[in-house]
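Shown next, in C-alpha cells, is the structure this report addresses.
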Amino acid sequence: MSQPRSEPCTGSGVPDPWPAPRVREPVDLTVALPGSKSLTNRALVLAALADGPSTVGGALRSRDTTLMAAALTALGSSVDTSGADWRVTPGRFDRDAAVDCGLAGTVMRFVPPVAALSTARVAFDGDPHMRSRPIGEVLAALRGLGVRIEDGGRGALPFVVHGSGSVAGGTVVVDASASSQFISALLLAGARYERGVDVRHDGKPVPSLPHIDMTVAMLREHGVQVDDPAAGGGANRWVVAPGPIRPVDHRIEPDLSNAAPFLALAAVSGGSVVVRDWPRHTTQAGDALREILARMGCRVDHVEEGLRVTGPDALEGIDVDLHDVGELAPAVAALCAVASSPSHLRGIAHIRAHETDRLAALAAELGGLGADVTEHPDGLSLRPATLHGGVFHTYADHRMAHAGVIVGAAVDGVEVENIATTGKTFPDFAGLWSRLVEPAGARG
Ligand SMILES: O=C(O)C1=C[C@@H](OP(=O)(O)O)[C@@H](O)[C@H](O)C1
Ligand SMILES: C=C(OP(=O)(O)O)C(=O)O
C-alpha cells in the first residue's frame, strides 16, 4: 500500500518510504546521465598529485565526489567545485587534516596513499558502516612502503596517517580479492613515491578488473609509465615508475553503471530507452550492461544520440558471472526477479563488503516482495514468481535503491525506503526518475 506522500520526508522533501513509480506502458525515453563516480574521483586524485592545475570537466556532483574534493582540499589542494567543470590546483600537503570517507570506498582507499605524501597528520573516519568495509590490506601495504599509520591494530577506520613528506615506495604484496580498489589506490599515488611502486596480488582472483584497467589508462593519460604484464587475464602485478604526473583536462563520461535502472525501464516495459553520449570505447564496468541486457532478450543498439535498449515481450533470466562488474549486481538481480525464466548470478562474494552485504540485502528485500530467491556464498539464484508490493529497504546503499525502483516499475505498491541514499553517486535521482517514469504510468 502507498504511504501518504506528505510524511515522513527525507531531508530533500521526498517522502520516506517513497512510492516507486509504476510503468504500465512501454516507455519511449531519452535520458542524459550525470558523470561517472569512478572517473571523477580518479581524475580528482590525479589532478591533486599533478604538476600543475587542471580541470575535471562535467564532474559528477554527488556525495562520493564532494567527499573526495573535500578530502583533497583538506590535505592542501585547491578544488573549485563552483561550476560544472571543477578546477583543481595542486598544493602542498602540509597541514593536519581530517578526512570524512562517508561510505565512499574510493575515498577510504584512494586518499591514504596520497596522505602518505603529506608532512602532517591526516585522520580518517566515515559512516558507521564504513568502519567494517575492508581497508587493512592498503594500510599494511603502506606500512610496507615506509609509511607510519596508527589504527589501534584494527586494520579499519578510524586510522591516522602520519606523513613524513615522502614515501620510499618499492615492492608490495597485497591480497586484493576483497576489492580492486586496494590496487587502484596504490597505483594512483605510486608515481609520486621515490621508487615508484611494484604491486603484486596474492590471493583469490581480484574482482572488478575493469576498474584497475581504468586506473592504468588514466595514469597513462597523465604521462605515468605503468607496466601491467598480465593485463586482461589473471592479472596480478602492476608496476608504476616514479616520475611526474602531467596535468590533464578531463571530460567525464556519463556513469554507465548508473544507467542500469534507466535501461531496465526499457527491459521491464518492453519499451525503448536511449542513454545519451554512451561512449563507443570506455573502461567503465557499466559498459557490460550492453551484453547482459542483450542476453536477457533486449535489443541493444548504438545510435547517433547514444545507446538504445529496447525491451522484449518477456524478459529472459540469465546465468552470468558478475565478478568483473559486481556493482551491476543489484540492478541485474532486480531484473532477474521479474524475468520469465530462472537466473543465476555468480562470482560476487566480494559485494558482501560493498555499501552493505548486497547478497544478503537483495535476498531479503527481493524475497520480501515475493521473489523466489536463494542466497549462495558467492551469488544468488532467482526463479520466476509473482511479486507483490511492500517496503524495499536500502541499507544506505544507492544500488539497493536502484534495485527497488526497478522492481517498483514492474510491480504495484513497491515503496523504497531512503531513496535519498541514491545521492551517493547521483544528484536528484528521485526527481529525474519521477519526471521520466510518471508520464508512462500511474504511481504504484
Ligand atoms: O575503483 C572504483 O571506482 C570501483 C571499483 C569497484 O570496487 P570493488 O573492487 O570493491 O568491487 C566498484 O565496485 C566500485 O563501485 C568502484
Ligand atoms: C561498491 C560501490 O561503491 P564504493 O566506491 O563505495 O566501493 C558501488 O558504487 O557500487
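Taken together, the values in this text are just the output of simple stated rules run on the coordinates, not laboratory data. Keep in mind it's a predicted model, so treat the numbers as computed, not measured. Because the Cβ atoms are built from the backbone with ideal geometry, glycine has one as well, and the counts that use them run over all protein chains shown.
Key figures
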| quantity | calculated |
| --- | --- |
| Rounded D (µm²/s) - segment 201-271, Kirkwood Rh over Cα pairs, Stokes-Einstein at 10 °C, 1.306 mPa s | 106 µm²/s |
| FRET efficiency, residue 89 to residue 241 (Cβ-Cβ, R0 25 Å, nearest 0.05) | 0.50 |
| Protection proxy ranking, peptides 279-286, 209-216, average beta carbon neighbours within 10 Å, highest first | 209-216, 279-286 |
| Whole-angstrom Cα spans of the chain along principal axes, big to small | 60, 46, 42 |
| Computed over segment 37-247, Cα set: Rg, Dmax in Å | 15.4, 43 |
| Derived scalar couplings ³J(HN,Hα) [segment 193-201; Karplus, 6.51 cos²θ - 1.76 cosθ + 1.60; whole Hz; x for Gly, Pro] | 8, 4, 9, x, 8, 10, 9, 10, 9 |
| Total formal charge among the other residues, if their Cβ is under 10 angstrom from that of residue 286, Lys/Arg +1 and Asp/Glu -1 | -3 |
| Three principal axis lengths of segment 300-444 [C-alpha, angstrom, descending] | 40, 33, 29 |
| In sequence order, calculated HN-Hα J values of segment 350-356 (Karplus, 6.51, -1.76, 1.60; Hz; x Gly/Pro) | 5, 6, 5, 9, 7, 4, 8 |
| Long-range HN-HN contacts of residue 236 with modeled amide H, under 5 Å | 230 |
| Gap separating the Cα centres of segment 366-444 and segment 22-97, nearest whole Å | 27 Å |
| Of all DSSP beta bridges in segment 129-263, antiparallel share, percent nearest 5 | 65 percent |
| Packing-based order for 250-263, 345-358, 424-437, using average beta carbon neighbours within 10 Å, highest first | 250-263, 345-358, 424-437 |
| Value at 222 nm in deg cm²/dmol, rounded to 500, when DSSP H runs of n ≥ 4 in the chain each add -39,500 (n - 2.57) | -8500 deg cm²/dmol |
